[in-house]
There are 2 protein chains.
Amino acid sequence: MDKQKLTRRISALKGGRAELVIRNARVVNVFTDTIEEADVGIADGVVLGVGGDWQGEQEIDAAGAYLAPGLIDGHMHIESSMAHPARFADTVLRQGTTTVIADPHEIANVAGLVGIRYMLDQTEGLPLTVFFMLPSCVPATCFETSGASLSAVDLLTLAHEPRVLGLGEVMDYVAVTGADEAMLDKLLAFRDRPIDGHAPLLSGRALQAYCLAGPFSDHECSNFDEVKEKLAQGMHIQLRYGSACRGVEEIMSRVAKEGLPTERMLFCTDDKHLENIRAEGHINFILRRAVANGIPAVTALKMATLNAAGCYGLRDRGAIAPGFRADLVLFRDLKDFDVENVICGGRLFTGVQEQAAPPAPAEIARSVHLAPRKPDCLRLPVGQTMPILQLVPGEVLTTLDRRPVPQEDGCFKAGDGLVKIAVLERHHASGRIGLGVLEGLPIRGGAIATTVGHDSHNLVVAGDNDGDMLAAVDVLEECGGGYTVVSGGKTLALLPLPIAGLMSDAPLSEIFSRQQALLRAARQLGLDTDSADPFITLSFVALPVLPACRITDKGMFDVTSMSFIK
Amino acid sequence: MDKQKLTRRISALKGGRAELVIRNARVVNVFTDTIEEADVGIADGVVLGVGGDWQGEQEIDAAGAYLAPGLIDGHMHIESSMAHPARFADTVLRQGTTTVIADPHEIANVAGLVGIRYMLDQTEGLPLTVFFMLPSCVPATCFETSGASLSAVDLLTLAHEPRVLGLGEVMDYVAVTGADEAMLDKLLAFRDRPIDGHAPLLSGRALQAYCLAGPFSDHECSNFDEVKEKLAQGMHIQLRYGSACRGVEEIMSRVAKEGLPTERMLFCTDDKHLENIRAEGHINFILRRAVANGIPAVTALKMATLNAAGCYGLRDRGAIAPGFRADLVLFRDLKDFDVENVICGGRLFTGVQEQAAPPAPAEIARSVHLAPRKPDCLRLPVGQTMPILQLVPGEVLTTLDRRPVPQEDGCFKAGDGLVKIAVLERHHASGRIGLGVLEGLPIRGGAIATTVGHDSHNLVVAGDNDGDMLAAVDVLEECGGGYTVVSGGKTLALLPLPIAGLMSDAPLSEIFSRQQALLRAARQLGLDTDSADPFITLSFVALPVLPACRITDKGMFDVTSMSFIK
């Protein structure tokens, strides 16, 4: 900002001349915990002041609606929306979210620094402010092959980008508490900046060691005692309510009942699907649930605004006061938090303009690199018994079983509810394929496949015959990644995700209709799509940090013992 | 910090091996608002963890005393203590204050950047952490002559010193709201950092304009409504309880009664004399008064620790949790807040070692530069009436009167309770002298003088005869500044302040005994020293921002109209 600009702002304020005036609003003050009926003057992208007389070039009559600061999502991954960042922005802005703290962990696992740079570029100049935390764990583990590996030195090349705030969720808490050198390098490189934690159920001395090393927040709490212990260490608690919601309702209700201080609590979605966001809301949905669970509305709003801004040192937002960024939401009430209007950077939000996304760099536009496949590459020789990756209905958790399986010519043959699962390394065309037996996804007469395979995003395919599995692989190789269902050699449904194999460049309506088609096709193959989305299930079977059994491009993996299964 | 160090800390924590263990403490947790009986492990200057088993090289049995984070003074001026910074540190550490945010405004007005650098140097390595806010208003006004003038560019040369946090109290709110260019330069130069405010009774649009321009805190609130309005703008409220205490008791009591959120409230002393600190306490005294006024003890402790740290972005202190700096205080109870033990940076505090202060640079050691005086230089010709600077008993405020005064040969002659007051420019030997008539300090047969004359620190002298006044000037010129009382040409008492004419290099005991001698001498001249300290009164008569009448080296000044009196 220059002197001329500041002088203009001061003079506009003193003269009561605004560009935009919001009249007759019930203005939520997150500093005094009060609601005041007042007019608000806005100019040059910032709030000039609350109260007093204002003349405005443009005026909005709030007619008694509640004016709150724009909502902040404290931790999330844009890639999980599968939409281009601009379309994601449009969707959440309509729900009153004006700032998100994004961790581009998914795309970084595919395309490294190029991927992060792409997300920075694609979010530049959006009405949604997207801040970034640099992915701390790429690759997430050494038990899988990712597209890139990021060291402390790599991350430092982006550390001083204006929208980069700090270091993203430090998932590898074993490396932290084990004082792994490469991990300490990253923690020390960002030691004076926000470092997000990720430490499900970590407790006692291990939790203390984790905090001592640097991470200052956590979004993985699944019960109230965990919240209390982590808060006591000084952690900022990000109450997560995304597409998964383990325990958060109970946590909110206990926070309200037991009067735990909320200054260090904020909200986040982590991963939430766009359909859910459109149907029920985003951070405003969490506000609704917080209030339903007994948290006072203004306290909940502080968590969604000022506390989140404070956590990340964002001094320009999170409140409605002189000089604060004019990101504002008008809510009809403070119970349902339905959004009437959104103001971003001082302008009434009317939608993100649809424009063709510029071509992505090659690393992102052509991210599926498979070695040529032989027809027998999926053959799985069997012993007397075989390890079986068992899905737990309605959970992302899995279990490990071992028993005899159906076979033909010494190789596994689908049957008895068992199908084949394969993970094909898709970044370096190494030809590496992990093979296994899967229970709980009883596909009949086909295959389903995806390039969204957390966190390394290799190509995951499951099916009851090798022909359809290989055909599904071909389909995804051809379109640059996505989700597909194949039966009898024919593509029943396809959602191309050509941006790093993770995101679509299509409008939301097309994404949604293709997702519906995928679910219909899955049902044709005999899958139940009501209790769980089989495609989400597939995307998580390769994540070797979730209990208890996973499969990566290197083979079947026992998460409990952190070792590959012989 | 390096990897080896962090690895050692993690390993010590996991093994429960500390350098210092505090056993059987009631540990105050400012994150959860709870008090937990636990042992605390400390090593390498930081808290490793609270609770669990610890083996320590050294142990302290707290025997049930309350262990709180070290206290933080959010805004103060070390120079006002008149002691060398190391002696000041010793005094406040004994009261549990382990961090102060200092504004070296006084010495900067005498010696500019050299003065600030001197304070940085003299506070380096002390067990008390001294952070600095760079003085924003040197000179404080254009109506007086100071020793230096600091521009935005000057201040930026020190901005990146590790203990410099931001821009000090922006007293010239008229320049801010008037969008004065030099002021905006300073505000913009520090716009992403803390900028302390100072805006007594500023309200409405003027207050909003002030906040819009950058200052983010205020320590001048004198009533509850002022607190509420400033808090509503997002200001951090520094509740000041120094040697002056207008309104703060009432404010605390209203904060408690009306449940105003305290997250943005902290404590400060601004100016508090060492005698008072020794007698009643420092920030621990404010805690006592806060609790007496109904603020819950843990809430008050948060204000004195975590809130102050948060205000200035100090993420390494203000709480007892893994990785936080081990600045700790043991209090006997949470009512009187008497200090049992203090730990600074992980070590038990036993006193700041007395050592001869290194010689100060010439600008500081020889800061009194007066032009030669002629015997008649204090002659004050009178008209039919004369402006009279009237002291208000027991207040720093003054009033302006105008009436006929006693005279001899056409010049003012002391009598009828009126004495002469003179301000001699003492930085540039310009010979400029402001002369006036003073009521309320009825000196008989002598003169009192000082080089502590807020904020430009010219030499201020008052007396009933020119001979003693000139003799007092000679005494202070000779010793490099200080306070003196002269009668019949003889020095009755003298407190030399050779460090910039503001601070002593002597031990506290000597400072105190010389102060007592000054008061006795003042009583010999017929002054009442019970209702007010005449030396403090003298130090404030030259401050042209306090209502309603002042005198500077440029003459008698009407603060209401901001103009010199003809």
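The values are calculated or read from the model by the stated rules, or taken from the named source; none is laboratory data. Only a predicted model underlies this, so the values are computations on that prediction, with no experimental measurement involved. Note: ideal-geometry Cβ built from the backbone for every residue, glycine included; neighbour counts use all protein chains shown. The area values use the complete protein model at the heavy-atom level, side chains included, leaving out ligands, DNA and RNA. Shrake-Rupley method; radii C 1.70, N 1.55, O 1.52, S 1.80 Å.
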## Note on the structure
Longest principal axis of chain B (C-alpha) makes with the long axis of helix B:466-479 (C-alpha) an angle, in degrees to the nearest 10, of 40
#### Entry: Across the identical copies, how the A:Lys566 labels are spaced - nm, sorted shortest first, 7 Å along Cα→Cβ
10.7
### Message
Taking every DSSP beta bridge with both residues inside the range B:34-142, roughly what % is antiparallel (nearest 5)?
### Response
35
### Summary
Taking a ≥ b ≥ c as the square roots of the eigenvalues of the Cα gyration tensor, with a/c under 1.5 meaning rounded and otherwise prolate when a/b exceeds b/c and oblate if not, the range B:231-387 is oblate
### Task
Kindly work out what percent of the DSSP beta bridges joining two residues of chain A are antiparallel, to the nearest 5.
70
### Summary
Taking a ≥ b ≥ c as the square roots of the Cα gyration tensor eigenvalues, with a/c under 1.5 meaning rounded and otherwise prolate when a/b beats b/c or oblate if not, chain A comes out prolate
### Query
Tilt of helix B:283-292 relative to the longest C-alpha principal axis of chain B, in degrees (0 to 90, nearest 10)?
80
### Query
Percent of accessible area on the protein assembly as shown owned by carbon and sulfur, 1.4 Å probe?
49
### Message
Only protein chains counted, 1.4 angstrom probe. Which residues of the range A:305-338 are at least 40 Å² less accessible in the assembly than when their chain is isolated?
### Response
A:Arg315, A:Pro322
### Task
Can you tell me the relative contact order of the range A:227-371? Whole percent, Cα pairs under 8 Å, sequence separation 6 or more.
17
### Message
Let me cross-check A:Met1: its accessible surface, 1.4 Å probe, with only protein heavy atoms counted, in Å² to the nearest 10?
### Response
80
### Task
Could you compute the FRET efficiency for A:Thr491 and B:Lys3, with r as their C-beta to C-beta distance and R0 at 60 Å, rounded to 0.05?
0.70
### Task
Enter the accessible area per residue of the range B:399-438 (Å², integer; probe 1.4 Å; all protein chains in place).
42
#### Entry: chain A: angle of helix A:105-123 to the longest principal axis, Cα-based, in degrees nearest 10
30
### Message
Would the range A:326-455 count as rounded, prolate or oblate if I go by the C-alpha gyration tensor, calling it rounded below 1.5 in a/c and otherwise prolate when a/b exceeds b/c, oblate otherwise?
### Response
oblate
### Summary
FRET efficiency for B:Ser509 and B:Thr34 from the Cβ-Cβ distance with R0 = 56 Å, rounded to 0.05, comes out at 0.85
### Message
So for each of B:352-358, A:518-524, B:376-382 I average, over its residues, the number of other beta carbons within 10 Å; can you give me the resulting order with the highest mean first?
### Response
A:518-524, B:376-382, B:352-358
### Message
7 Å along Cα→Cβ for the label point: how many nanometres lie between A:Glu37 and each equivalent label in the other copies, listed shortest first?
### Response
5.5
### Message
Output wanted: per-residue J couplings in Hz (rounded whole) for the range B:443-457, from phi through Karplus 6.51 cos²θ - 1.76 cosθ + 1.60, θ = phi - 60°, x for Gly and Pro.
### Response
5, 10, x, x, 8, 10, 8, 7, 9, 8, x, 3, 9, 8, 6
### Summary
Ranking A:Asp528, A:Asp533 from most to least accessible area with a 1.4 Å probe gives A:Asp528, A:Asp533
#### Entry: Using a Förster distance of 30 Å, the FRET efficiency for A:Glu340-A:Glu124 (Cβ separation, nearest 0.05)
0.60
### Query
Put a dot 7 Å past each Cα toward the Cβ at B:Glu59 and A:Ser149; how far apart are the dots in nm?
4.7
### Summary
In the B-onto-A rotation, chain B's nearest residue to the axis by C-beta, with distance in whole Å, turns out to be B:Glu263, 3
### Summary
Two pseudo-spin positions, 7 Å from Cα along C-beta at B:Glu275 and at B:Arg23, lie apart in nanometres by 4.4
### Query
Protein chains only, probe 1.4 Å: how do B:Arg432, A:Arg9 rank by accessible area, largest first?
B:Arg432, A:Arg9
#### Entry: Nearest-10 value in Å² for the accessible area of B:Lys228, using the 1.4 Å probe
80
### Query
When the Cα centres of the range B:254-285 and the range A:210-276 are compared, how far apart do they sit, in Å?
33
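List the pairs from A:Lys14/A:Lys302; A:Lys374/A:Lys554; B:Lys230/B:Lys272 whose alpha-carbon separation is above 20 Å, in the order I gave them.
A:Lys14/A:Lys302; B:Lys230/B:Lys272
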### Query
Can you give the accessible area buried between chains B and A, summed over both chains, with a 1.4 Å probe, in Å² to the nearest 100?
4600
#### Entry: Where labels lie 7 Å past Cα in the beta-carbon direction, separation of B:His428 and B:Ser203 in nm
4.0
## Note on the structure
Per residue of B:174-181, other chain Cβ atoms within 10 Å number on average 2
### Task
For a label point 7 Å from the Cα of A:Glu395 along Cα→C-beta, name the residues of the range A:220-242 whose backbone N is under 16 Å from it.
A:222-223
### Summary
Shortest first and in nm, the label-point separations between B:Thr157 and its counterparts in the other identical copies (7 Å out along Cα→Cβ) come to 3.9
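Using the heavy atoms of the protein chains alone and a 1.4 angstrom probe, what is the accessible area of the range B:137-265 per residue in square angstrom? Intermediate results must be reported in sequence, preceding the final value.
On the way: 4430 Å² over 129 residues.
Per-residue value: 34 Å².
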### Query
When Cβ neighbours within 10 Å are restricted to other protein chains, what is their mean count per residue of peptide B:39-51?
2
